[in-house]
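Participant: Have a look at this one.
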Amino acid sequence: VLQSSSSLKAPYEDWLLTYGLSISPFHMRWQTALFNRQFYNWGRWKPKFLYLWFSMGMVFGIVAMFGSVILLGKTLMQTLTQMLTEAPRAQNDRMLQVVVSVLFSVSVPLGFLLCFVLLSCPHQQVPGVNLPVSQLTYFFSAILISGVIHEVGHGVAAIREQVRFNGFGIFIFIVYPGAFVDLFTTHLQLISPVQQLRIFCAGVWHNFVLGVASFMVLFLLPAILFPFYYTGVGALVTEVAEDSPANGPRGLFVGDLVTNLQDCPVYNVEDWNSCLGDISEKSQVGYCVSAATLQQLSFPARVYRRLDGTVECCSNNSLTDICFSYSNKLDSHLYACLPARKVIEASKVCRTNMDCQKDFVPSFCVTPSLENQTRLIRVKHPPHIDMLYVGHPMHLQYTVSLSSFVPRQNFLSIDLPVVIETFCKYLISLSGALAVINAVPCFALDGQWILNSFLEATLSSLIVEKQTRELVGFLILLAGSALLAANVALGLWMVTAR
């Protein structure tokens, strides 16, 4: 609108030029020379070290270029194999995760990569599709930091190789942030292919290093936070969703420390997830109840079968009574409606009656008779009374957030370790994806320039004609672009087919 106005167009364009702004539909870019001095300081710091550093990056970039082709080729073959199977849902979920990862790593960024030839922002999750709103800050921050580190690598390497650095900038395409550096193209074309490789590989190299550094922080986080937080004593509840079945007067609260799920000890979040997985996969455990107690607590009730074939014997719609099944020497299908808490408290878990015969007191192993996939789970979170949960174990896992870090002092935040953990995981994922995808020999990605420089450095003596070398490079880029596009298309088909 401003550009269409005869009176406002000139001052508007002058204002954009003054502040280094460029605005077009769905795209805003800002470029500045404010950081040039800092970039030159970095590029001239310890020349020998930087030479070794970017030479290592060159080797990594070349290996990553070939490795990304192998990865995409393998993923494509696995996807095709899954498409041709009669029951694709029964295939390995891990392979599908790779397909989805590659899909979401290239689907959105590829569009503006083709326009700007600057920087992609690969990612594994798309806001509004499979990314919670609460994670948006981590997502976009990790994208921006990964992109800035990527471009800092290019900029510092260019200065190290005596290429003029014009400026640094950031941009937003729709909602996705990114970064770029402006280099003097003539200088870039005059240096040797090996020097070009150091510059072109520096971006993916820095992303790889950022991913490794984030992984090290994540791995060493218990030691880093040891003076303030301790671990190995349980899983600390940091959030309980409002619609969670664990929400209630006798449920879980923020600050509770979960130590056991049934007879499965919980020392950290990994144990919590592992215990819930085991409980979900295995059959429902029972509880040892003496014959006298069983006779005292049980009361007559009508027995009937549910639609899924399981048996129900509590018809009073009580929230505290549960139908239990057990067997004796005469009958293996006995049922009793019992108050759950009285049965479970001070009872040990069992699988058969033999597990309950150690105290020479006639006892039975009574097992909750619940619908398929539903479990009765006793959650210990001392000093509070045990929580008794009836439902699918995964519902408990999805609606309760926990941390392995317990504050040593009350004034310390219980969310800080979770924030650091989550942010490190996003950096590892997004920075790693940026390194892998950008290394693909594909048009508009770093892999295009890495491939061209690599061919010039290795084939100039074998193929004398420059046009022939360029033709070889073009064909490889065409194949790499087709491979990447095929992964995106088939990955999209696999996702939408479900």
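Participant: Take every Cα pair under 8 Å in segment 435-490 that's 6+ residues apart, average their separations, divide by the length, and report that relative contact order as a whole percent. Can you show the working numbers first?
Facilitator: On the way: 41 pairs, mean separation 19.8, N = 56.
Contact order relative to length: 35 percent.
Participant: Next question. Quick one: length gained pulling residue 270 to residue 482 fully straight, 0.36 nm per residue minus the C-alpha distance? Can you show the working numbers first?
Facilitator: Working: separation 212, 0.36 × 212 = 76.32 nm, distance 4.01 nm.
Net length gain for the segment: 72.3 nm.
Participant: Fully extended, how many nm does the chain gain between residue 84 and residue 17 (0.36 nm per residue separation, minus their Cα-Cα distance)?
Facilitator: Full extension of this stretch gives 18.6 nm more.
Participant: If the cut-off is a Cα-Cα distance under 17 Å, which aspartates and glutamates reach residue 48, setting aside same-chain residues fewer than 8 apart in sequence?
Facilitator: 161
Participant: Quick check: net charge around residue 274, other residues with Cβ under 13 Å of its Cβ, Lys/Arg +1 and Asp/Glu -1?
Facilitator: Summing Lys/Arg as +1 and Asp/Glu as -1 gives -3.
Participant: What are the residues whose amide H is under 5 Å from the amide H of residue 266, where those residues sit 5 or more places off or on another chain and H is modelled from the backbone?
Facilitator: HN-HN under 5 Å from residue 266: 260, 261.
Participant: Accessible surface of residue 395 in the full protein assembly, 1.4 angstrom probe, to the nearest 10 Å²?
Facilitator: Residue 395 exposes around 100 Å² with every protein chain in place.
Participant: Please sort 217-228, 320-331, 155-166 by packing, taking for each peptide the average over its residues of neighbouring beta carbons within 10 angstrom, highest first. Could the numbers behind the result be given before it?
Facilitator: Details: 217-228: 13.8, 320-331: 16.5, 155-166: 22.0.
In descending order of packing, they fall as 155-166, 320-331, 217-228.
Participant: Another question about this same structure. Let me make sure I get this right: for segment 368-498, a, b and c are the square roots of the gyration tensor eigenvalues over alpha carbons, sorted descending. Under 1.5 in a/c it's rounded, otherwise prolate if a/b > b/c, else oblate. Which is it? List each step's numbers first, then the result.
Facilitator: On the way: a/c = 6.13, a/b = 2.36, b/c = 2.59.
Oblate is the answer for segment 368-498, as a/c is 1.5 or above yet b/c matches or exceeds a/b.
Participant: Now for a separate question. Enumerate the aspartates and glutamates that residue 329 could reach by cross-link, defined here as Cα to Cα under 20 Å, with residues fewer than 8 away along the same chain left out.
Facilitator: The qualifying aspartates and glutamates are 355, 359.
Participant: Oh, and also: Take the chain, compute every pairwise Cα distance, and split them into 20 Å bins from 0; I just need the percent in each bin.
Facilitator: It works out to 18, 38, 28, 13, 3, in whole percents.
Participant: Sticking with this structure for a sec: Principal axis lengths of segment 285-369 from Cα atoms, whole Å, largest first?
Facilitator: 37, 24, 21
Participant: Would you pull out the residues with amide H under 5 Å of residue 375's amide H, same chain only if 5 or more places away, H placed 1.01 Å from N?
Facilitator: Under 5 Å from the amide H of residue 375: 391, 392.
Participant: For 77, 58, what's the largest-to-smallest order of accessible area, 1.4 Å probe? Don't skip to the answer; put the middle values down first.
Facilitator: Details: 77 115, 58 35 Å².
Largest to smallest exposure gives the sequence 77, 58.
Participant: Using a probe of 1.4 angstrom, how much of the accessible area of the chain is carbon and sulfur, in percent?
Facilitator: On the way: 16500 of 26480 Å².
Here carbon and sulfur together make up 62 percent of the probe-accessible area.
Participant: Here's another thing I want to ask about it. Please identify every one of the GluC sites (Glu not before Pro) in segment 187-275 that sits in a loop by DSSP and has no more than 13 other beta carbons within 10 Å of its own beta carbon. Display every interim value, and only then the final one.
Facilitator: On the way: sites: 239, 242, 270; in loops: 242.
Filter output for segment 187-275: 242.
Participant: Continuing with the same structure: Kindly express, to the nearest 10 degrees and within the range 0 to 90, the angle between helix 446-459's C-alpha long axis and the longest C-alpha principal axis of the chain.
Facilitator: Between helix and principal axis, roughly 60 degrees.
Participant: Can you tell me the accessible area per residue over the chain, all protein chains present, probe 1.4 angstrom, in square angstrom?
Facilitator: On the way: 26480 Å² over 498 residues.
Normalised by residue count, the accessible surface of the chain is 53 Å².
Participant: Divide by every residue of the chain the summed helix terms, -39500 (n - 2.57) for each DSSP H run of at least 4, and state the resulting mean residue ellipticity at 222 nm, rounded to the nearest 500 deg cm²/dmol.
Facilitator: -16000 deg cm²/dmol
The values are calculated or read from the model by the stated rules, or taken from the named source; none is laboratory data. All values derive from a computational prediction rather than experimental measurement. A quick note on method: Cβ atoms are made from the backbone with ideal geometry, for glycine too, and the neighbour counts reach across all protein chains shown. Calculation scope for accessible area: heavy atoms of the full protein, side chains included, ligands and nucleic acids excluded. Shrake-Rupley method; radii C 1.70, N 1.55, O 1.52, S 1.80 Å.
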